[in-house]
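Undergrad: This structure is in structure tokens; I'll ask about it shortly.
The values are calculated or read from the model by the stated rules, or taken from the named source; none is laboratory data. No experiment lies behind these values; they were computed from the predicted model shown. As a convention, Cβ positions derive from the backbone with ideal geometry for all residues, glycine included, and neighbour counts pool all protein chains shown. The accessibility values were calculated without ligands, DNA or RNA, using every heavy atom of the protein model including side chains. Shrake-Rupley method; radii C 1.70, N 1.55, O 1.52, S 1.80 Å.
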Amino acid sequence: MSRVPYGYEIIQLLEQLAPKQLALEGDRIGLQIGTLNKPVKKVMIALDVLEDVVVEAIDQQVDLIIAHHPPLYRPLKQLLTDDGHGRMIAACIKHDIAVYAAHTNLDVADGGLNDWLAEALGLNDTAVLVPTYTEPLKKLVVYVPVSHAEAVRAALGDAGAGHIGRYSHCTFNSRGVGTFLPHEGARPFIGEQGRLEEVEEVRIETIVPASLEREAIQAMLAVHPYEEVAYDIYPLDNEGRRFGLGRIGRLPQPVTLGAFAEQVKTAFSVPAVRVVGRLDDLVQTVAVLGGDGNKFVAAAASAGADVYVTGDVYYHTAHDAQALGLHIIDPGHNVEKIMKEGVARYLITELSKRQWEAEVVASSVHTDPFQFV
């Protein structure tokens, strides 16, 4: 049955795509204004939360803004409602519009902003450019009667447990005898109260990413026949999946730097780009990092990139890139606007799966402060 979701339920969906633990240290992500403990009929996705964006949200009767750039990145010393920033915050509060920011966690996320940028450029065989987070792994062990072992294995695998490299539903199984004595008030699936039972059981072992531990346990419990399920969780030293900033991949065939610059302009709908390098040089291996990528020029060169697509490149950073033999295309910071359509598509799909009635729209306000003359 369809219903209107609460704000925190929508954010739970978003955080499945961009978990908070992926954010870089010190990043001010999360709820910034208002409350999520309310029904949300309409969500707006925005790159920046500026006064014009909030006016748009008010006109469209939006309940929740999900932004990429946190509007409250630095601690406020005062809140003055006669300047633009203060008016923006006051308007959100007055009209009960909650504001939530997903910043570097969305940058780092698998299937998030940097993957959308790489996809728009037509890159193949993409990999993380700058690793920032390695997901912890755990071992889940559960004991189940032989009759239900297959159902439990399937539930665990479908919930994301047992993924090793390019393989899924990986488990190890060993048989043994389980014993238990049901006491008064117990409702045993096998046996009866006051009698020691011996049951042939299967010990199922599987690996679980820490972020999916809760989901895997719930899936296992849902199909396990016992009233009280015996299971163990062990921390592992094995390294899990790596996440990080930026992506590196390859174009289908080499192109000149000049031709690729035109491709970047088209892909990101920008009127101009800044280019470092000879326009007739051939490029094929491409690194891309949304936002300000100055810190990672050396990383792009070390990864073997022919050209690095990123924003806000400094004068001396461009010289550093030249010294490393790395070409640069700078389309500006605002290309991160690609997240508006990306997050909107994701949420629309997830809401539909649950039959939740909430409209999701992308802000139409252009927030790039720069123009070319």
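Undergrad: How large is the convex hull of the C-alpha atoms of the stretch 142-201 per residue, in Å³? Display every interim value, and only then the final one.
TA: Numbers: hull volume 5.0 nm³, N = 60.
In the stretch 142-201, the Cα convex hull volume per residue is 84 Å³.
Undergrad: So which lysines pass the test for Lys77, namely a Cα distance under 21 Å, with those fewer than 8 places away in the same chain ruled out?
TA: Excluding near neighbours in sequence, the set is Lys94.
Undergrad: Summing +1 for each Lys or Arg and -1 for each Asp or Glu, what net charge is found among the other residues whose Cβ lies under 15 Å from the Cβ of Ala303? Numbers along the way, then the final one.
TA: On the way: positive: Arg242, Arg247, Arg250, Lys295; negative: Asp125, Asp306.
Value of the local net charge: +2.
Undergrad: Enter the angle in degrees (range 0 to 90, nearest 10) between the Cα long axis of helix 7-17 and the first principal axis of the Cα atoms of the chain, meaning the one along which they spread out most.
TA: 80 degrees
Undergrad: Something else now. Just by accessible area at a 1.4 angstrom probe, what is the order of Leu282, Leu289 from largest to smallest?
TA: Working: Leu282 115, Leu289 10 Å².
If we order Leu282, Leu289 from most to least accessible, we get Leu282, Leu289.
Undergrad: Please state the relative contact order of the chain as a whole percent: Cα pairs under 8 Å, 6+ residues apart?
TA: On the way: 765 pairs, mean separation 76.4, N = 373.
Dividing the mean separation by the residue count of the chain yields 20 percent.
Undergrad: Nearest 20 debye, what's the magnitude of the dipole of the chain about its Cα centre given +1 on Lys and Arg Cβ and -1 on Asp and Glu Cβ? Walk me through the numbers on the way to the answer.
TA: Values: 32 positive and 49 negative charges, 41 e Å.
It comes to approximately 200 debye.
Undergrad: Next up: Can you report the principal axis dimensions of the stretch 7-63 using only the alpha carbons, biggest first, rounded to whole angstrom?
TA: 35, 24, 18
Undergrad: For the stretch 285-373, what % of the accessible area comes from carbon and sulfur atoms, probe 1.4 Å?
TA: On the way: 2350 of 4390 Å².
That fraction is 53 percent.
Undergrad: Of Val283, Val223, Val360, which has the largest mean-square fluctuation in a 10 Å C-alpha GNM of the chain?
TA: Evaluated over the chain, the most mobile residue of the options is Val223.
Undergrad: Going by amide H atoms built from the backbone, whose H comes under 5 Å of the H on Glu357, apart from near neighbours?
TA: Those qualifying (amide H under 5 Å, at least 5 residues apart or on another chain) are Arg3, Val4.
Undergrad: Could you please tell me the mean projected area of the C-alpha convex hull for the chain, averaged over all directions and given in square nanometres to one decimal? Mind showing how you got there, number by number?
TA: On the way: hull surface 97.3 nm².
Its average projected convex-hull area is 24.3 nm².
Undergrad: Given a 10 angstrom Cα cut-off, can you work out which residue in Ser352, Ser363, Ser211 is the most mobile in a GNM of the chain?
TA: Highest fluctuation among the options: Ser352.
Undergrad: To continue, here is another question. Which one of Asp82, Asp107, Asp320 has the biggest mean-square fluctuation once the chain is modelled by GNM with Cα springs under 10 Å?
TA: Result: Asp82 has the largest fluctuation of those listed.
Undergrad: Quick one: grab Rg to one decimal and Dmax as a whole number for the stretch 222-327, Cα atoms only, in Å.
TA: 21.2, 71
Undergrad: Determine which lysines satisfy two conditions relative to Lys337: a Cα distance under 24 Å, and not lying fewer than 8 residues away in the same chain.
TA: Within the straight-line limit of under 24 Å, Lys337 reaches these lysines: Lys20, Lys41, Lys42, Lys265, Lys295.
Undergrad: With loop defined by DSSP as not H, G, I, E or B, and exposure as at most 15 other Cβ atoms within 10 Å, which is the longest segment of the chain clear of exposed chymotrypsin sites (Phe, Trp or Tyr not before Pro)?
TA: Values: sites that count: Tyr73, Phe189, Tyr314, Phe370, Phe372.
Result for the longest clean stretch: 190-313.
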